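Below is one structure; the comments refer to it alone.
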Amino acid sequence: MTRAKQQGKKIRKQYSEEYKRGGALAERVGIAAAASRLGVPESQFYGWRAKVRREENQGEAQRQLAAENARLKRQLAIRPRSWR
């Protein structure tokens, strides 16, 4: 779940990806309650949520690019050789 990492005099906690994706809990009980149950500040929880959303959006953009590439390849395959 968590692992402490010492940097200088400050000890920082490192959380697993599964722990960070406690979004299912947040959807049921809300961000504030989920953050307090997990023992992390709300701001940290909001940061994790924003990162997950960015990753999901990037995945969607990649799927759209792959679909566009496939469409363009099909168009090229239909064209007569004299047009190439």
Lone unmet requirement of (1) modelled with pLDDT under 80; (2) in contact with a helix residue (DSSP H, G or I) (Cβ under 7 Å, 6 or more places away or on another chain) for A35
(1)
Give the residues of region 38-58 that are part of a helix (DSSP H, G or I), surrounded by fewer than 11 Cβ atoms within 10 Å (Cβ to Cβ) and either modelled with pLDDT of 85 or more or on the phi > 0 side of the Ramachandran plot (or both), sorted by residue number.
S43, A50
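Using the structure shown, decide if E27 is of a type in the set (D, E), surrounded by 10 or more Cβ atoms within 10 Å (Cβ to Cβ), modelled with pLDDT under 80 and part of a helix (DSSP H, G or I).
When the stated conditions are applied, E27 passes them.
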Do we find that Q64 is of a type outside the set (G, A, S), touching a strand residue (DSSP E or B) at 6+ places or on another chain (Cβ under 7 Å) and modelled with pLDDT of 80 or more in this structure?
no
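The values are calculated or read from the model by the stated rules, or taken from the named source; none is laboratory data. This structure is a prediction, so every number in the text was calculated from the model and none was measured. Please note: Cβ atoms are built from the backbone with ideal geometry, for glycine as well, and neighbour counts cover all protein chains shown.
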